[in-house]
Amino acid sequence: MSYFLYDAPLHPGQTVPFQGEEARHLLKSRRMRNGERFALQDPAGSRFSAELVDIRRDTATVTIIAPLPLPAPPRRQVALIQGAVKEKATDWIIQKGTELGLARLAFFTSHHGTVTNKSLGSPKTRIRWERIAWEACKQSDRQFPPEIEVEDALASVLTSLGPGSGGRRWLLDPEASQSIGEALAGLDSQGRAGENSLHLLVGPEGGLSSREKELAREAGFTAVGMGGNILRAETAALAACALSLLG
C-alpha cells in the first residue's frame, strides 16, 4: 500500500492541513476527492488512514482516522558497500536497493573507479538520492529508506565497520570458488538462517584493486561469486542484494 508523508506527529482524531509537494501529488496526480481515504506516515514512521475532508487549490484538510499496520522488516539486515559508479547506475542501485530492503548503502571512491568523491558528496547529489530513496520507499511500502553514506576510500568504510559489528562479510569476486547462493545455502544448512546481519562489498566497473581486496580480507570479508557471467557493477550488486534479502 503506497502512502504519503506528513511533516509532524499524527494521532487519531486530528484534523490537520496537508500541503506542499506531497499534497500536490495527492490532488493533482492521484486526483483524490473529498471523502476518499489514503495512508499518511509521520516523521516517526507511524502510519494512519486519513480522510480528505476539504480541498482548496494545492492545500487539503485531512482527518486522521486510525493507525495502520506497518510492513514486516526484511529477514536480514543487509548493508551494501559499493565502489562508486556513474550517476545513472548509482541512482539505479539506490532505487532498487531501497525497494529490496537494504538497511545501509555506503559508496566509496575506488582505485579503479572513475567517479570522484567530490561529485558523490555534493549537496545536489544528496538531495537527488534522498528523493529517489523516498519514492522507492513509497512504491515498495517500506517505512524508511536505507542509510546512505559516502566515504573517500574503502579503508574508511572498513574502519567504520569496526571489529565488533558482527554478521557475515562477503566480497563479490568473479574468481571466487564459492557462489553467493552456496554461501547462503550454507547458512541455512547450519541452522543459521536467523543470522540477520550481512555486509556485501562490490567493486566498481573494473573491480577492486589488489590492495582493496587485501584490505577486505583483513577486515574479515570472504570472497563469493555470482556464477560464470561477468556482470556490470550495478547488476552484480542488486542481484546479490536480492538473493540475500529475498532468498
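No lab work stands behind these numbers, since they all come straight from the coordinates. This one's a predicted model, so the numbers in the text were calculated from it and none came from an experiment. Backbone-built Cβ (ideal geometry, glycine too); neighbour counts: all protein chains shown.
Using only DSSP helix segments of four residues or longer, with each worth -39500 (n - 2.57), what per-residue ellipticity at 222 nm results for the chain after dividing by its residue count and rounding to 500?
-9500 deg cm²/dmol
Could you rank the peptides 234-244, 217-227, 174-184 by their average count of other C-beta atoms within 10 Å per residue, with the highest value first? Working shown, then result.
On the way: 234-244: 21.4, 217-227: 17.0, 174-184: 15.1.
The peptides rank, most packed first, as 234-244, 217-227, 174-184.
Give me Rg/Rg_expected for the stretch 4-67, where Rg uses Cα atoms only and Rg_expected = 2.2 N^0.38 Å with N residues.
In units of the globular-protein estimate, the stretch 4-67 measures up at 0.97.
Over 19 Å between Cα atoms, which of K86/K138; K28/K96; K88/K124 qualify?
Too far apart for the 19 Å limit: K86/K138; K28/K96.
Calculate the dipole size of the stretch 77-246 relative to its Cα centre from +1 charges on Lys and Arg beta carbons and -1 charges on Asp and Glu beta carbons; express the result in debye to the nearest 20.
Values: 18 positive and 20 negative charges, 70 e Å.
Dipole magnitude for the stretch 77-246 comes out near 340 debye.
Expressed as a rounded percentage, what relative contact order does the stretch 4-67 have, with Cα pairs under 8 Å and six or more residues apart? Spell out each step's value before the answer.
Details: 133 pairs, mean separation 27.3, N = 64.
The normalised contact order for the stretch 4-67 reaches 43 percent.
In a shell of Cβ-Cβ distance under 10 Å around F221, excluding F221 itself, what net charge do Lys and Arg (+1) and Asp and Glu (-1) give?
+2
Above 20 angstrom, tally the Cα pairs of the stretch 65-132 and express them as a % of all pairs, no decimals.
Distances greater than 20 Å cover 38 percent of the Cα pairs.
Calculate the radius of gyration of the Cα atoms of the chain to one decimal place, then report Dmax, the largest Cα-Cα distance, as a whole number, both in Å.
For the chain, the Cα-based Rg and Dmax read 20.8, 63 Å.
Under a point-charge model restricted to the Cβ atoms of Lys and Arg (+1) and Asp and Glu (-1), what is the dipole moment magnitude of the stretch 1-155 relative to its Cα centre, in debye to the nearest 20?
Roughly 400 debye, rounded to the nearest 20.
Out of C241, S177, G101, whose Cα points farthest toward the positive end of the dipole of the chain (charges: +1 Lys, Arg; -1 Asp, Glu; placed on Cβ)?
Of C241, S177, G101, it is G101.
Provide the net charge surrounding R56, with neighbours chosen by a C-beta distance below 14 Å and charges set as Lys +1, Arg +1, Asp -1, Glu -1. Please list the in-between numbers first.
Working: positive: R24, K28, R33, R57; negative: D54, D58.
Once all neighbours under 14 Å are counted, the net charge is +2.
Would you mind computing the Rg to Rh ratio of the stretch 1-142 from its alpha-carbon coordinates, Kirkwood style for Rh?
1.06
With the crude spin-label approximation of a point 7 Å out along Cα→Cβ, what separation in nm comes out for Q143 versus V16?
About 1.7 nm, to one decimal.
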